[in-house]
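Student: Handing you a structure now.
The values are calculated or read from the model by the stated rules, or taken from the named source; none is laboratory data. None of the values given here were measured: they were computed from a predicted structure. Every residue, glycine as well, gets a Cβ built from its backbone with ideal geometry; the counts of neighbours run over all protein chains shown. In case anyone asks, the SASA skips ligands and DNA or RNA and just uses the protein heavy atoms, side chains included. Shrake-Rupley method; radii C 1.70, N 1.55, O 1.52, S 1.80 Å.
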Amino acid sequence: MNYVVRRGATAIATLFAVASLIFLLLHLVPGDPAEILLSSGGIAPSKESVEALRVNLGLDKPLLEQYITYLGNITTGNLGTSFQDGAPIGDEIVKRLPRTLELILAATFISVLVGMPAGVAAALRRGGVIDGLCSSLASFGLSVPVFVTGTLLILLFSQILRLVPAGGYVGFADNPAQHIVYLLLPAVSIAVGLIPVVFRMVRTSILEFLEKEWVRTARAKGLDEPRVLLLHVVRNSLSPVVTVLGLHMGTLLGGTVLVEYVFNWPGLSGMLVQAVEQRDYPAVQGIVLVICLLFVLINLGVDLLYGMLDPRVRYK
Amino acid sequence: MIAKDSRRGFSFSRRGFLGALVIAGGLPVGIARAAAGAKPVRFGLSSFPPNLHPFEYTGTASLTVKLMLYRGLLSYAPDGTLRPELAQEWRQVDPVTYEFVLRENARFHDGTPVLAEDVKYSFELIADEKSTAHLRKDFQIVKTFEVFGERSLRIVLKQPSVTFPQVLAAGYAVVVSRRSAAPNFIGAGPFTLDNVERGSSVTVKAFPEFFRAGVPGPSAIHFIAMPDESLRIAALESGDVDIIEYVSTQYFDRLKNGADVGLESANGPFMYLLFNVQEGPFTDPRLRHAVACGIDRNAVNAAAFSGVGTPFDHLPVPPSPAYDAALVSERFGYDPARAKALLAEAGVGGGLVIELLSTSQYAQHNDTALVIQQNLAEIGINANLSLPDWATRVSRGNRGQYHLAVQGTAGAFNDPDAVSAYIEGGQVPSYTRPFGYNNARVNELLSAGRQEMDNAKRQKIYAEIDGLIVQDAPLLSLLWRPQAYGVRRSIRNFAPLPGFLSFQSALRLEDVTSA
């Protein structure tokens, strides 16, 4: 119980620190939102227009007053409205977050689907052809930037083979099949960088566990090899894999920017970049807060899952 | 036919792929894409419109969509000449008075007729003291809006203005219903707003009661925000969209030579250099002249615009009967030796260090700055390059935090008076203007040029302004930049408007048809 309370307090303190930091940083960065909003396309807005907009947006108030209002709002779950069009930020995040999560989950699913069997196969045939081939591909996957992968996938599957659209989005409720078609390329682009992570963790972990004395004991007791592998080696090797995957998923929350950009996937990361460019303070603050919250929750979830997978790690 | 066949092939193979997916995953059957030859048009925007407020300037992508929803008294024909829009006819009664008669069949999207009171309501919103309208300042010249009949309106100006009709034709001088208010203004454009997927797409559908017969051509236009240019190109080539905007010069040949796609472009925006003439080394005009002699415009064109720009060194005025660049013969052309001599004369022959401001956010600004830096190095000026994001660049420009800055923009209309935005003194400091520049004679001439109706006299006025700008050198024109659209060959009747009007090319979308 103490552990849960401690973790909860830490999470709240983290969120408060992030909220304050992002507020301060945004106001320190040069670029007046009112000026930006009225200055697109090389047009010079009048001083009166900028001032009027600053008043409308509440930017004419002292910084401390803005900060207190902001903190007061987020404690009640109000993330404010966009400087761009006055739309509630919370509603927009609720709409976009599932799209980014879906992208991350799909990429993770593909990574596990490909990386785990490859890791097991490479470990069992250590030094063999499969091991060499998979390790080389893993190095390649890790070293190629995601925007290069994405562009190559578009070139191959969209422009040459014409199997899938170059990019875009259709809601699952509107058209499930096409939704999945749109999801494929961006998910694979992310997975290309994630598969090597899973592959290497599984391979290393299995090689380590294969040397354990209790594996030798299991074999000595007469257990067949598949049972030894599945019930003892693979299960035990999953703990570090889950930890690493969890951390990567958290990172991907804010790291799918390039993929969302390249494939025009209307997720949270793309919204964040656009909001930063346009100095849409409420949007940036809201998105960063939500990402921070999710990161904290994912870490907590990973800790708990880790405990379930490894009986030695149990928190009371 | 090629495009049509190609699109069929595309559609078929994707359906095949989807079929396999459905069989494999047991998913419900979906539609791969719209049928070939469908009436709706799909347009790839460079960004998602921040908002659709009809009077505010929020970028070209916004204007593109807004021109579908809203119209004003006047607009532009395909050749860039003024044409009546909601006004059926209009006339200039005397130098300060204009009268307009509205069309009998002009209707708002709620079905109500467009009346003179609606025009008055809209223009008063624009001119309001607290308005954030883009044209608020331009409307300050209006003395009165007088309704003298259900469909008749008289506008009286405080002083003559040759460009006032151009202001009324701008995409921001639109008419909204007086029974509507922000943010839900009701317009009278050829399309009505159908669906907005915030951050992703906007769909407009044809307004059957639009006043112009046979217009609009498309049954709907689906605007899809595609900030990544390579994705826009890929989407155009693979047939996912029919038209894309903001095609960089590096893609020109590829699109021109495409089997199913083509390129439509017009010289519109221009690139230029701005000096901070209030603080720093460039308060000395000799140093500005030295820079003018050190800039190789052809090198900028070759390196940053693939050689398809049009270098020029006169006032940034598109072809106009009121301006003749040939009337000024003395200019500071590319002459590195003279540049070095001018530097030596100014006492900095041993070297000069300056701050050159541009932005890394737009490749054309970034690449132009790199060439300028190289040019300056060759004459002995060491330029420290500052390439922040666009928002920071705007902020620094507005505050004069630079010595020399790279900028690109387009004027409001194809008239020499458009240069007032860049060289007229007494305006609020802006990143589009040379910081601190204010020449009383230039201001006087600009005002005279604005009020003069005779083109021969205007030519002389703008020639004198041109000469003064050559001497003062607060800014240096570099080149005209093509404003280009990628268009599938199945699309008919789309081409950008000429000159500064290229940002309003979306007006042509109402005439587009899909083969």
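Student: Need one word for the stretch B:293-339: rounded, prolate or oblate. Basis is the Cα gyration tensor (sqrt eigenvalues a ≥ b ≥ c); a/c below 1.5 gives rounded, then a/b vs b/c decides.
Tutor: oblate
Student: May I pose another question? Going highest first, how would you order B:150-156, B:124-130 by mean Cβ packing within 10 Å? Numbers along the way, then the final one.
Tutor: Working: B:150-156: 18.0, B:124-130: 15.1.
My ranking of the peptides, most packed first, is B:150-156, B:124-130.
Student: Ok, one more. How big is the stretch B:214-258 on each of its three principal axes, counting only the C-alpha atoms and giving the largest first in Å?
Tutor: Principal-axis extents of the stretch B:214-258 (Cα, largest first): 36, 22, 18 Å.
Student: Among the complete DSSP H segments of chain B, which ones combine at least 20 Å of alpha-carbon extent along their axis with a mean Kyte-Doolittle hydropathy of -0.5 or more?
Tutor: Helices meeting the criterion: B:2-25, B:363-378.
Student: Using mean Cβ contacts within 10 Å as the protection proxy, how do B:409-420, A:168-179 order, highest first?
Tutor: Final packing ranking: B:409-420, A:168-179.
Student: Here's another thing I want to ask about it. Using only alpha carbons, build the gyration tensor for the stretch A:147-210 and give me the equivalent ellipsoid semi-axes, biggest first, whole Å. List each step's numbers first, then the result.
Tutor: On the way: eigenvalues 192, 48, 13 Å².
They are 31, 16, 8 Å, listed largest first.
Student: Per 5 Å bin, what percent of the C-alpha pairs of the stretch B:136-290 does each bin hold, from zero upward?
Tutor: 2, 6, 9, 11, 12, 12, 13, 12, 9, 7, 5, 1, 0
Student: Here is a follow-up. Please give the average number of partner chain Cβ atoms lying within 10 Å of the Cβ of each residue in B:430-440, rounded to a whole number.
Tutor: Average neighbour count from other chains, rounded to a whole number: 2.
Student: What would the Debye formula give as log10 I(q)/I(0) at q = 0.05 Å⁻¹ for the alpha-carbon point model of the protein assembly as shown, no solvent?
Tutor: -0.33
Student: Label points 7 Å out from Cα along the Cβ direction at B:Lys256 and A:Asp224: separation in nm?
Tutor: In this crude spin-label approximation the distance works out to 7.0 nm.
Student: Please list the radius of gyration and Dmax for the stretch B:353-501, considering alpha-carbon atoms only, with Å as the unit.
Tutor: So, for the stretch B:353-501, Rg and Dmax equal 17.8, 54 Å respectively.
Student: Hey, another quick one. Just the accessible area per residue of chain B, please: how many Å² with a 1.4 Å probe?
Tutor: Numbers: 18640 Å² over 515 residues.
Per residue, chain B has 36 Å² of solvent-accessible surface.
Student: May I pose another question? Which value, in square angstrom to the nearest 100, describes the accessible area buried between chains B and A on both sides, using a 1.4 angstrom probe?
Tutor: 4600
Student: When the dipole is taken about the Cα centre of the stretch B:269-482, and only Lys, Arg (+1) and Asp, Glu (-1) are charged at their Cβ, what size is it in debye, to the nearest 20?
Tutor: The calculation lands at about 220 debye.
Student: Let me ask something else. At a threshold of 8 angstrom on Cα-Cα distance, excluding pairs fewer than six apart, so keeping six or more, what relative contact order does chain B reach in percent?
Tutor: Normalised by residue count, the contact order of chain B is 20 percent.
Student: Can you order the peptides B:334-341, A:213-220 by their average number of other Cβ atoms within 10 Å per residue, highest first?
Tutor: Peptide ranking by packing, descending: B:334-341, A:213-220.
Student: Going by the alpha-carbon gyration tensor, a ≥ b ≥ c the square roots of its eigenvalues, is the stretch A:91-277 rounded (a/c under 1.5) or, if a/c is not under 1.5, prolate (a/b greater than b/c) versus oblate?
Tutor: It comes out prolate by the Cα gyration axes.
Student: Okay, next question. As a test of the formula, what do you get for chain B when each DSSP H run with n ≥ 4 contributes -39,500 (n - 2.57) and the sum is divided by the residue count, at 222 nm and rounded to the nearest 500 deg cm²/dmol?
Tutor: It comes out at -9000 deg cm²/dmol, rounded to the nearest 500.
Student: Pairs of lysines 8 or more apart, or on different chains, with alpha carbons under 21 Å: count those in chain B, would you?
Tutor: So the count works out to 15.
Student: What ranking of A:Trp265, B:Trp390, B:Trp90 comes out by heavy-atom accessible area, probe 1.4 Å, highest first? Don't jump to the answer; show the numbers that get you there.
Tutor: Working: A:Trp265 5, B:Trp390 30, B:Trp90 85 Å².
Largest to smallest exposure gives the sequence B:Trp90, B:Trp390, A:Trp265.
Student: Would you please calculate the Kirkwood hydrodynamic radius of chain A over all C-alpha pairs and express it in Å, rounded to one decimal? Could the numbers behind the result be given before it?
Tutor: Details: mean 1/r = 0.0443 Å⁻¹.
So the Kirkwood estimate lands at 22.6 Å.
Student: Now for a separate question. Suppose we keep just the DSSP beta bridges with both residues in the protein assembly as shown; what percent of those would be antiparallel, to 5?
Tutor: Working: 59 of 74 bridges.
Bridges in the protein assembly as shown that DSSP calls antiparallel: roughly 80 percent.
Student: Moving on to the next point. Once chain B is represented by equal point scatterers at the alpha-carbon sites, with solvent omitted, what log10 I(q)/I(0) does the Debye formula produce at q = 0.08 Å⁻¹?
Tutor: Values returned for q = 0.08 Å⁻¹ are -0.56.
Student: Note down the relative contact order for chain A as a percent, whole number, built from C-alpha pairs under 8 angstrom at least six residues apart.
Tutor: 27
Student: Using Cα pairs under 8 angstrom and six or more residues apart, how large is the relative contact order of the stretch B:421-515, in percent? Please list the in-between numbers first.
Tutor: On the way: 74 pairs, mean separation 16.4, N = 95.
In percent, rounded to a whole number, it is 17.
Student: Right, next: What is the pair-distance distribution P(r) of the stretch A:56-188, computed from all Cα-Cα distances in 10 Å bins starting at 0, with each bin given as a whole percent?
Tutor: 10, 24, 24, 20, 14, 7, 1
Student: Right, here's the next one. For the stretch B:98-221, what D do you get in µm² per second when you plug the Kirkwood radius from alpha-carbon pairs into Stokes-Einstein at 20 °C and 1.002 mPa s? Show your work: numbers first, answer last.
Tutor: Working: Rh = 15.7 Å.
Roughly 136 µm²/s, to the nearest whole number.
Student: GNM on chain A, C-alpha springs below 10 Å: top fluctuator among A:Val181, A:Val284, A:Val257?
Tutor: A:Val181
Student: Could you calculate the FRET efficiency of B:Phe148 with B:Glu104 from 1/(1 + (r/R0)^6), where r is the beta carbon distance between them and R0 is 25 Å, rounded to 0.05?
Tutor: 0.90
Student: Per residue, how large is the accessible surface of the stretch A:91-277? Use a 1.4 angstrom probe and give square angstrom.
Tutor: On a per-residue basis, the stretch A:91-277 sits at 45 Å².
Student: Using a 10 Å cut-off on Cβ to Cβ distances, tally the other chain neighbours for every residue of B:129-138 and report the average as a whole number.
Tutor: Details: counts 2, 7, 4, 12, 3, 5, 1, 5, 6, 1.
Partner-chain Cβ atoms within 10 Å, mean over residues of B:129-138: 5.
Student: Which order do you get for B:Arg492, B:Arg232 if you rank them by accessible area with a 1.4 Å probe, largest at the top?
Tutor: Heavy-atom accessible area, descending, gives B:Arg492, B:Arg232.
Student: Average projected area of the Cα convex hull of the stretch A:1-130, in nm²?
Tutor: Mean projected area for the stretch A:1-130: 15.2 nm², to one decimal.
Student: Under a crude label model (7 Å from the Cα following the beta-carbon direction), how far is B:Ala337 from A:Leu15 in nanometres?
Tutor: 7.3
Student: Output the residues of the stretch B:165-214 meeting this criterion: accessible area (heavy atoms, 1.4 Å probe) in the chain alone minus accessible area with all protein chains in place is 40 Å² or greater.
Tutor: B:Glu197, B:Arg198
Student: How many percent of the accessible area of the protein assembly as shown is carbon or sulfur, using a 1.4 Å probe?
Tutor: Summing carbon and sulfur atoms, their accessible area is 59 percent of the total for the protein assembly as shown.
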